[in-house]
Every structure is written in C-alpha cells, then in structure tokens.
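Every read-out reported here was derived from the displayed coordinates using simple, explicitly stated rules and does not represent laboratory data. All of these numbers come straight from a predicted model, not from anything done at the bench. Quick reminder, even Gly has a Cβ in these numbers, built from the backbone with ideal geometry, and neighbours come from all protein chains shown.
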Amino acid sequence: MSDADSLKREIFEKVAEFYSLEHGEQAFIPGQTKIHYAGRVYDQREMIAMVDSVLEFWLTMGRYAEKFEEELGRFLGVSEVIFVNSGSSANLLAVATLCSKELEGHLEQGDEVITPAVTFPTTVAPLIQNGLIPVFVDCELGTYNLDVSALEEAISERTKAIFVPHTLGNPCEMDEIMRLAEKRGLFVIEDACDALGSRFDSRHVGTFGHLGTLSFYPAHHITTGEGGAVITNDRKLAKIARSIRDWGRACWCKYNTTDPNGACGRRFEWQIPGLPDTYDHRYLYTNIGYNLRPTDIQAALGVVQLAKLPGFIEKRKHNFQRLFEGLKRYEDHLILPTWSERADVSWFAFPITVKPEGPFGRQELVRWLEDARIETRLLFAGNIIKQPGYRDMKCKLVGKLENSDLVMRNSFFIGVYPGLDDARIDYVLDRFEEFFDGSW
C-alpha cells in the first residue's frame, strides 16, 4: 500500500469517527424532537464517498457520475440517464429537448401541453419559458393526479404533449394516458420527481413516456444534495438532452476523457456550414443550451444512496401503511389517499384533505400538529393558476377546476420518509387521536 493509500484509509476512518460523534442517531423525545416531513437519511458511507471524490479533486462530472447514471439506469430498466443539477432542471431539460429543431415534429411556440392544475411550479415553468401554452385539467381527490377523464376534452388541434406528474409518488393511470397519446400522436413527459421506485403494472413510472424526470433533492427518495435526472429509452432524445444540458454543444465525450482527439477520434476536423476551415468539435453548438451539470461529489453521494434505495422504499411503504391504518377511523372528517389497484407506490408523503363540511378546517389541524412538533406541508402550489407568479400566464382551463381549488384550501401532507421509526409514527397517531378526542 502506498503512502497516499494509507493516508486515505486513515482519513476515511476519521470521517467514520466524525460521523458517529456529530451525525449519529439521536434519541427521540416525544413533544420535543421534531417529526420532519422529509429529510436525508445517511451514514458514514455517504460522507466517505464524498470525501473520496474531493480527494480525487475531479470537481465536474467524472467517474462517479458515470457510475451513478449506469446504476440508476439499471435500477429503472432504461438505457439513457442524463444526470443534472436539480429536478427542476430535469423538467426544463425535458421540455427543451422536445422543442429542439433536431427533433422531427418538435414542439413550437404556441403549441399546447396538457398538465394538471395541482402541481409543483417547475412542472409548469418550463412550458411558459419555452413559449408553450399550458392546458390545465383538474385533479382527482384522493390520488391528487390529473383527471384522465378530462384529457379528451383538453385536446385541440394545437395540442402536442401531455406533462404528467405522479403526485407524491402516486402513479397516474399510465395505460389510459399512453393509449390516448399514441392515438393522438402526442409526446408524453412524466414528472416522477416524487416517485422514484413507484410502479404501475410492475413497470417503473417515468419509463412510460418519451421522457421522464427525477429529483434528488434532500426531501426525495434518494439525495445528491441538489440533483436530478432525465431518463429515456430513446437515443435520439438522449443525445439532444445531453447537448442542451452541456451548453448546447455537439460533443459526446465521456465526462473524464483525457483523449485529445475526443470520443469521435477527429475532434479538430468538424465542419460548420459557412466556414471554410474545420472547427473543434467541443465548441460546435447544435442546440441553444444551458449548463445544467452536477458535480462528481454529488454523484459520489448518489451512488451510495442508490444502493440503499430498495430499503428506503420499503420503509416508506411501511410508514405509509401505519398512518393509513391509524387514520382510517377519522374518515368522517378526512379524505385519505387512494391509489390504483395496479399501482405499487413508493410514497413521497401522506396526503390528507380536511372535508369542507366538517366542524374544523385545515388551519386548525395543521396548527395542532405543528404545535406538537409534527411538520406539515401544503400540497405544493395548490391550484397553480391562483399563485401570484402564474396569474397572468397565457393558458387554457378545462372545466372549473373545483377539486384543485379544494386542494388549495383544505389539503396538506405529513411525512413517511425512512428517517421516521415506529416510535415517531406512534407519536403522530397519538396526536391525531388527541385532536379528535379533545376537540371534535
């Protein structure tokens, strides 16, 4: 063993020791310890992997990024994974890919894209940023996904795509959506940022449409800190997406290549129409792009997290089921989540809607839980057309969006993430029992 290897091993041992001292598991004190709605779940292995990447000092995408993309693709059963710096960037990249002039039948400004009104803002923002027209349909209460029965009504001669979020990990009815998309010749993007590991008909969500998107923000199923991905089985779409992610350039070299001639073997021999001389392929731009690249340090974290994903998913299901069984007794006052019998759900969170005809409102229940140190979150933007930044956007509405309005007034969610153990779930259920026994 070299001196450097010996020193590296010593550093890793110290990192593990530091983790135990500073980040080890803390005792749960009911009423004092906060019950988070989500959070990163990690140990010394993630910290050691990130330190290993730092010691290599390959700061941009490198060997860890390649490994992360390959292993994530293997887990999902897709051939192409494009790692990016956030789930929001993944949504932007997916939409921009479908707008690329390199793609036959690409989206153009003024084309319409169907999407639900109950959503996260960065599902809608890329449509507006690319000059597309969102066509908003209502959601279903219980699943909080887009109402597939409204899709036919939403289609016009300008409709070119459907942007489908799987809300809180709950799979949409992808068979019906894809059947309609194929019949009408529509592109489909699946926003699976909340749904890593969820399946519909035994198939991972995000893999039905032309493109899928994922997020690795600390609240999600695995984390790279900030991070996301676009997934597809279409090599043409993947090539365009990588180009747009990487400033719009045509180069397809490996992340850590040292070959001066590049992957193509003729890096300095490319032609640009209108120029008499050859041009460096690394500076040949075929798309209007961005820099949406993550770092290899993030990828190192992701590789370790990905190995833990199956266990994370099972813990989420366990926590969800305990909450569901414990809260069924309050269905006179609460709408509990529903899901397709064909879905195997990797839950992001546990959604609850307070029935509007009841003796209390969302505010009373949420305030009670927060005072008990139980974190809550509203269902993202609610009806996004009511949000200040989106009120003046050019869009179309299908129906009155009554369910979306109800979600905005009455819905919230609590956590099921793997950092919650049975003692914490027991505490949550006890606080619900106190609320109903003492007040209503």
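Structure values in brief
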read-out: Packing-based exposure ordering (other Cβ within 10 Å, fewest first) of 316, 266, 249; value: 266, 249, 316
read-out: Separation in nanometres of the label points that stand 7 Å from Cα toward Cβ, at residue 329 and residue 272; value: 7.1
read-out: Likely footprinting exposure, 215, 202, 89, fewest C-beta neighbours within 10 Å first; value: 202, 89, 215
read-out: Value of Rg/Rh across segment 204-303 [Cα atoms, Kirkwood radius]; value: 1.04
read-out: Residues of type aspartates and glutamates that residue 386 reaches as a straight line, Cα spacing below 12 Å, ignoring anything fewer than 8 places off in the same chain; value: 405
read-out: Amide H contacts under 5 Å for residue 221, placed H, 5+ residues apart; value: 196
read-out: Residues of segment 191-233 with amide N under 13 Å of the 7 Å Cα→Cβ point at residue 79; value: 232-233
read-out: Relative contact order %, the chain, counting alpha carbon pairs below 8 Å whose residues are six or more apart; value: 23
read-out: Euclidean distance between Cα centres, segment 334-401 to segment 27-95, Å; value: 27
read-out: Cross-link pairs 8/308; 160/239; 254/315; 183/400; 34/317; 183/239 - those with Cα-Cα distance over 31 Å; value: 254/315
read-out: 222 nm mean residue ellipticity, helices alone, for the chain (DSSP H n ≥ 4; -39,500 (n - 2.57); rounded to 500); value: -12000 deg cm²/dmol
read-out: D_trans [Stokes-Einstein, Kirkwood Rh over alpha-carbon pairs] for the chain, 37 °C, 0.692 mPa s, µm² s⁻¹; value: 141
read-out: Computed over segment 104-202, the ratio Rg/Rh where both radii use C-alpha atoms and Rh is Kirkwood; value: 0.94
read-out: Neighbour net charge for residue 198 - beta-carbon separation under 11 angstrom, K R +1, D E -1; value: +1
read-out: Cross-link partners of residue 236 among aspartates and glutamates (Cα-Cα below 15 Å; sequence separation of 8 or more within a chain); value: 80, 102, 104
read-out: At most 15 other Cβ within 10 Å, DSSP loop - chymotrypsin sites (Phe, Trp or Tyr not before Pro), segment 43-142; value: 57
